Amino acid sequence: MDSKMKCPICGSDKLFYDPRRGEIVCSVCGYVVQQNVIDEGPEWRAFDSDQRAKRARTGAPMTLMIHDKGLSTDIDWRDKDVHGNQLTGMYRTKMRRLRMWQRRMRINDAAERNLAFALSELDRMAAQMHLPRRVKEAAAALYRKAVMKKLIRGRSIEGMVSAALYAACRMEKIPRTLDEIAAVSKVTKKEIGRSYRFLARGLNLNLRPTSPIDYVDRFGDALGVSARTKKRAKEILKEAIEKGMTSGKGPTGLAAAALYVASLLEGEKRTQREVAEVAHVTEVTVRNRYKELVEKLGINVPI
């Protein structure tokens, strides 16, 4: 239904579609704005997700997480015929040979082999870090661009995949530290940082510095504090950003200190050690950032 469509009688834009009659009706005056509207949906009905999947005539959506974008055919691993009966003898052998040739046909050159390995590694790392699908898709898109610009040549695949994942996390406002990426990667933190700088320069990625506010929800959930405490921590950080206190400071340390202050103010006290372990920083960092926030923002912390 066109969002700009309005009722010619009363001028209201509150229209609704009646699928049983094929009409678009004004919800204010009841005037039938349009009739005999063609239903472009399927002709069948489904009452649960399994039934919908069985009746659908299309395959899975296109995805950047598969080297061929999921457009090729995949032969099922089960040795069964169309009726669900087990294949026997010669037919089972034939199907296994078909599967083998199908795999070879899908990956037929070095570039595709590189992409297939890199995307499987990306999927593994993202799964271990519990990252959402949109981050994986963004990282896959970055890696594909790097392949097209021939930035991968002569560099570690694991390092470039880790760099793409780190950049995608920052782009999607779900930041992860280099330490967290290195913990699930097969390369060091130093290698990831070097690959990220090279990737950002090669693809002209102008990513803004990570805000400490982006870390508050994740750290707060790990500490088990309430939504009220997390909101208070964000307010503290917003005030600190406005006063220019965050420049040159690590965002994770600031987020940890703000949560520590908020937990004291809201009566949900957490120790500096607990906060430091969650944020992967030292207790000294939390203590220093805490002192700066309290002194420069004039916060009266209860003893």
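None of the figures in this text is laboratory data; all of them are computed from the coordinates on show. Given the structure is predicted, the values throughout are model-derived calculations rather than measurements. Cβ placement follows ideal geometry from the backbone for every residue including glycine, while neighbour counts extend to all protein chains displayed.
Observations on the structure shown:
- Axis of helix 213-223 versus longest Cα principal axis of the chain: the two differ by about 90°, to the nearest ten degrees.
- P(r) of region 1-58 over all Cα-Cα pairs, binned every 5 Å from zero, in whole percent: 4, 17, 22, 15, 11, 11, 10, 6, 2
- When the alpha carbon gyration tensor of region 110-202 is reduced to an equivalent ellipsoid, its three semi-axes come out at 18, 14, 13 angstrom, largest first.
- 117, 47, 16 arranged by Cβ crowding within 10 Å, fewest neighbours leading: 47, 16, 117
- Cross-link partners of residue 231 among aspartates and glutamates (Cα-Cα below 17 Å; sequence separation of 8 or more within a chain): 214, 217, 221, 239, 242, 266, 268
- Cβ-derived FRET efficiency at R0 51 Å, residue 54 paired with residue 150, nearest 0.05: 0.70
- The fewest-to-most ranking of 268, 43 by surrounding Cβ atoms within 10 Å reads 43, 268.
- Relative exposure of 162, 120, judged by other C-beta atoms within 10 Å (fewest first): 120, 162
- Relative contact order %, region 213-297, counting alpha carbon pairs below 8 Å whose residues are six or more apart: 33
- For region 141-284, the pair-distance distribution built from all alpha carbon pairs, in bins 10 Å wide starting at 0, is 11, 36, 29, 18, 5, 0 percent.
- For region 1-58, a simple Cβ point-charge model (Lys and Arg +1, Asp and Glu -1, everything else neutral) yields a dipole of about 100 debye relative to the Cα centre.
- Taking every alpha-carbon pair within the chain, the share separated by more than 32 Å comes to 55 percent.
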